[in-house]
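Working notes, structure below.
The values are calculated or read from the model by the stated rules, or taken from the named source; none is laboratory data. Since this is a predicted model, take the numbers as computed values, not measurements. Here Cβ is always computed from backbone atoms with ideal geometry, including for glycine, and neighbour counts include all displayed protein chains.
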Amino acid sequence: MQKMLSSLVSTALATSLAAAFPAYAAGAASVPTVKEAPLRAHLSFLSSDVLEGRGTGQRGGDLTVAYLEAQALAVGLKPGNGDSFRQSVKIAGVKATPDSSSVALEAGGKAQSLAFGKDWVWAPGDAKASHAMNADLVFVGYGITAPEEGWDDYKGMDVKGKVVVMMVNDPAPTAAEPNRFNGKGLTYYGRWTYKFEEAARQGAAGVLLIHTDASASYGWSVVQNSWLSERFQLAQGKLGANMEGWMTEASARTLFAAAGEDLDALRTAAENKNFKPVALKAKIKGEMKAAVRMVEQFNVAGVVPGTDPKLKDEVVIYSAHWDHLGKQGEGADTIYNGAVDNASGTAGLLAMAQEAVRSPAKRSQMFLWVAAEEQGLLGSAAYASNPLWPVNKTAANLNLDSLNFVGAAKDIGTKGSERTELGAMAEATAKAMGLVVRTPEPDLAGGYFRSDHFSFAKAGIPAFSIEGGKDYVKDIEGAKAKQASYRARYHQVGDEYDPTWDLSGMVQQAQFTLNLGRRVADAPKMPAWKAGDAFGKVRASAK
């Protein structure tokens with residue numbers, strides 16, 4: 001395996017280095033300008049069949065890490081983790097085994113007939129293969145604890161050893177409070193990931209989410225597809241509750257009725273901040289089993305040291321996830337190459353790093369390729385829980401995920417930057433490049449919480465993802481159609497590199513990110529969160 005790794009990496013280097021890394025005088029001062037040639041070379045190789053879709057826990061993922069490590073060294077980055085470019089990410093692959101489990105629900109003293117997959121799904125949240133369950137159920141509304149909103153769905157109830165049942169999304173705005181929980185926009189409190197995290201913090205033995213198409217923004221089939229196959233979760237650090245799962249609305253309605261409760265009445269009551277948890281006359285009993293395997297993946301981190309005697313101790317982090325869906329299924333094509341998602345961002349960071357080393361900034365700059373984003377932001381979450389640079393000395397995180405493969409545009413997307421002083425800095429950077437910042441639309445689906453920058457934001461670091469432009473310079477209608485056509489290829493085997501692509505949009509997006517990062521790296525002080533932002537409070541506590 002090691003010989004194969006070395007051979008493949010050497011071949012990749014031999015075919016791409018000449019185009020990717022033109023010679024320059026050591027220490028030459030110049031404006032860092034992202035080049036298309038290295039970006040295209042890296043994009044072509046990273047999305048090739050050689051890397052087998054860069055799957056988590058697959059050979060292609062190992063090859064990708066070796067390639068990134070070699071390229072980071074070649075461009076002149078310094079190892080970001082002592083004398084290594086790698087940061088270990090311990091991951092558990094978990095798949096429920098209902099056929100060997102006896103776990104079941106009962107309500108009003110009677111067993112409830114729920115079929116795994118059809119009516120409910122579950123798996124361990126703590127990467128353990130077996131749990132004996134004997135727990136009472138408690139309905140906790142939305143399962144939210146938000147002091148800044150004056151909201152606490154747990155109201156001091158001790159739920160240790162219990163299974164909490166809750167709704168997805170967050171409380172709807174009212175005429176009296178039109179802006180509560182960001183009005184029509186989704187806050188992190190509404191995300192299923194938050195629900196599981198808060199239940200674990202409360203000490204619950206388990207958590208079941210009530211699914212509706214409207215509240216989840218997708219159908220039950222999406223839940224089924226995810227939970228019937230192997231799921232990945234971090235195997236170290238803060239782990240989840242013993243049991244995590246979902247149930248259909250119809251199953252929840254039947255369960256609550258058997259427990260002597262009216263689900264609709266309880267959901268209505270839960271829209272009020274005075275709502276109190278309701279103990280249900282229902283239990284979960286039996287043994288829950290799952291197949292668990294441990295996988296070690298790696299984040300790859302390289303650093304350009306800063307030049308200022310004091311500011312060099314602070315850092316700006318550029319990130320992109322290197323993974324995609326790997327090899328799976330049967331048929332003529334089983335490789336999910338992930339050219340746009342996210343070989344493009346991975347290649348963009350390499351092209352940016354090549355230029356950043358030519359002209360260092362006052363603060364240090366880290367180029368971070370994170371693992372297992374497609375499995376739930378696991379690589380970035382692992383970094384945030386065990387950072388290679390102190391959180392209180394990390395100025396910002398700028399993330400790239402799925403770059404503009406269509407062509408140059410007149411605008412750039414900076415959704416989420418408005419939460420911090422990065423917003424004004426992004427505006428200034430765009431203006432200097434002759435671009436305009438696209439006005440962000442209401443975040444109805446919680447997009448801010450679904451990419452790697454969010455792991456940094458949760459740790460209190462100002463962070464957002466830079467999105468490609470949409471106001472295209474050339475062939476506007478054709479460009480829009482080309483962009484729209486990608487929806488059918490997203491997360492499919494058809495997300496493949498096309499050598500005819502106009503990469504001017506990718507170069508533009510990478511250049512904007514590098515320019516903004518340089519502005520942050522040379523600024524007198526680190527950017528701050530806007531007053532009242534929940535993540536700003538996390539930042540303040542990190543000092």
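Just name the residue that is surrounded by the most Cβ atoms within 10 Å (Cβ to Cβ) out of those in the range 500-523 that are farther than 18 Å from MET425 by Cα and touching a residue at least 40 places away in the same chain (Cβ under 8 Å). Spell out the reasoning first.
Restricting attention to the range 500-523, the residues satisfying the condition of being farther than 18 Å from MET425 by Cα are 500-507.
Keeping just the survivors that are touching a residue at least 40 places away in the same chain (Cβ under 8 Å) gives 501-507.
On the way: TRP501: 19, ASP502: 19, LEU503: 24, SER504: 16, GLY505: 23, MET506: 29, VAL507: 21.
Here the answer is MET506.
Can you tell me which residue is nearest to the chain's Cα centre (by Cα) among those in the range 472-506 that are closer than 27 Å to ARG419 by Cβ and either assigned by TED's automatic domain parsing to the domain that holds ASP401 or of a type in the set (A, V, I, L, M, F, W, C) (or both)?
Within the range 472-506, the subset closer than 27 Å to ARG419 by Cβ is 483, 490, 505-506.
Pick out the ones that are also either assigned by TED's automatic domain parsing to the domain that holds ASP401 or of a type in the set (A, V, I, L, M, F, W, C) (or both) and you get 505-506.
Working: GLY505: 23, MET506: 21 Å.
Across the range 472-506, the extreme among qualifying residues is MET506.
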Under the condition of being touching a helix residue (DSSP H, G or I) at 6+ places or on another chain (Cβ under 6 Å) and crowded, with 21+ Cβ neighbours inside 10 Å, which residue from the range 171-187 is modelled with the lowest pLDDT? THR187
Failed item in (1) touching a residue at least 24 places away in the same chain (Cβ under 8 Å); (2) farther than 28 Å from GLY447 by Cβ; (3) of a type in the set (D, E, K, R), with GLU244 passing the rest: (2)
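When you look at ALA19, is it surrounded by fewer than 17 Cβ atoms within 10 Å (Cβ to Cβ), touching a helix residue (DSSP H, G or I) at 6+ places or on another chain (Cβ under 6 Å) and modelled with pLDDT under 80, yes or no?
Numbers: surrounded by fewer than 17 Cβ atoms within 10 Å (Cβ to Cβ): yes; touching a helix residue (DSSP H, G or I) at 6+ places or on another chain (Cβ under 6 Å): yes; modelled with pLDDT under 80: yes.
In short, yes.
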Residue by residue through the range 233-273, note down the ones that are in contact with a helix residue (DSSP H, G or I) (Cβ under 8 Å, 6 or more places away or on another chain), surrounded by 21 or more Cβ atoms within 10 Å (Cβ to Cβ) and assigned to a strand (DSSP E or B). GLN233, LEU234, GLU244, GLY245, TRP246, MET247
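Residue-by-condition table, conditions (1) of a type outside the set (Ser, Thr, Tyr); (2) part of a loop (DSSP other than H, G, I, E, B); (3) modelled with pLDDT of 95 or more; (4) crowded, with 19+ Cβ neighbours inside 10 Å:
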{"residue": "ASP498", "(1), (2), (3), (4)": "yes, yes, yes, no"}
{"residue": "LYS525", "(1), (2), (3), (4)": "yes, yes, yes, no"}
{"residue": "GLY532", "(1), (2), (3), (4)": "yes, yes, no, no"}
{"residue": "GLY536", "(1), (2), (3), (4)": "yes, no, no, no"}
Can you name the strands (runs of 3 or more DSSP E) wholly within the range 84-139 that have at least 1 residues being hydroxyl-bearing (Ser, Thr, Tyr)? 86-96, 130-139
Determine the pairs where a residue that is in contact (Cβ under 8 Å) with a residue 24 or more places away in the chain and within 25 Å of ILE461 (Cα to Cα), located within the range 311-335, has a partner that is of a type in the set (Phe, Trp, Tyr) and outside any strand (DSSP E or B) with Cβ atoms under 8 Å apart, the partner being 6 or more residues away or on another chain. VAL315/TRP389; ILE317/TRP389; ILE317/PHE456; SER319/PHE456
So in the range 53-95, with the set limited to residues that are surrounded by fewer than 24 Cβ atoms within 10 Å (Cβ to Cβ) and basic (Lys, Arg), which one is nearest to the chain's Cα centre (by Cα)? LYS90
Do you know which residues across the range 206-223 are of a type outside the set (Phe, Trp, Tyr), surrounded by 16 or more Cβ atoms within 10 Å (Cβ to Cβ) and part of a helix (DSSP H, G or I)? SER215, ALA216, VAL223
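Going by what's in this entry, would THR334 be described as in contact with a Lys or Arg (Cβ under 8 Å, 6 or more places away or on another chain), among the hydroxyl-bearing types (Ser, Thr, Tyr) and under 30 Å from THR97 (Cα atoms)?
Values: in contact with a Lys or Arg (Cβ under 8 Å, 6 or more places away or on another chain): yes; among the hydroxyl-bearing types (Ser, Thr, Tyr): yes; under 30 Å from THR97 (Cα atoms): yes.
Spelling it out, THR334 is indeed in contact with a Lys or Arg (Cβ under 8 Å, 6 or more places away or on another chain), among the hydroxyl-bearing types (Ser, Thr, Tyr) and under 30 Å from THR97 (Cα atoms).
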Would you pick out the residues in the range 408-466 that are among the hydroxyl-bearing types (Ser, Thr, Tyr) and either farther than 18 Å from PHE535 by Cα or not assigned by TED's automatic domain parsing to the domain that holds TRP389 (or both)? THR429, THR439
Looking at the structure I just gave you, is LYS415 without any contact (Cβ under 8 Å) to a residue 12 or more places away in the chain and not β-branched (Val, Ile, Thr)? no
Exactly one of (1) in a loop (DSSP other than H, G, I, E, B); (2) exposed (fewer than 13 other Cβ atoms within 10 Å of the Cβ) is unmet by GLU148. Its number? (1)
Of the conditions (1) surrounded by 16 or more Cβ atoms within 10 Å (Cβ to Cβ); (2) within 15 Å of MET167 (Cα to Cα); (3) not aromatic (Phe, Trp, Tyr), ALA290 satisfies every one except a single condition; which number is it? (2)
What number goes with the only condition from (1) modelled with pLDDT of 95 or more; (2) on the phi > 0 side of the Ramachandran plot that ASN134 does not pass? (2)
What are the pairs with Cβ atoms under 8 angstrom where one residue, in the range 209-232, is touching a residue at least 12 places away in the same chain (Cβ under 8 Å) and closer than 20 Å to TYR188 by Cα and the other, located anywhere, is basic (Lys, Arg) and in a helix (DSSP H, G or I)? Sequence gap at least six, or different chains. LEU209/LYS195
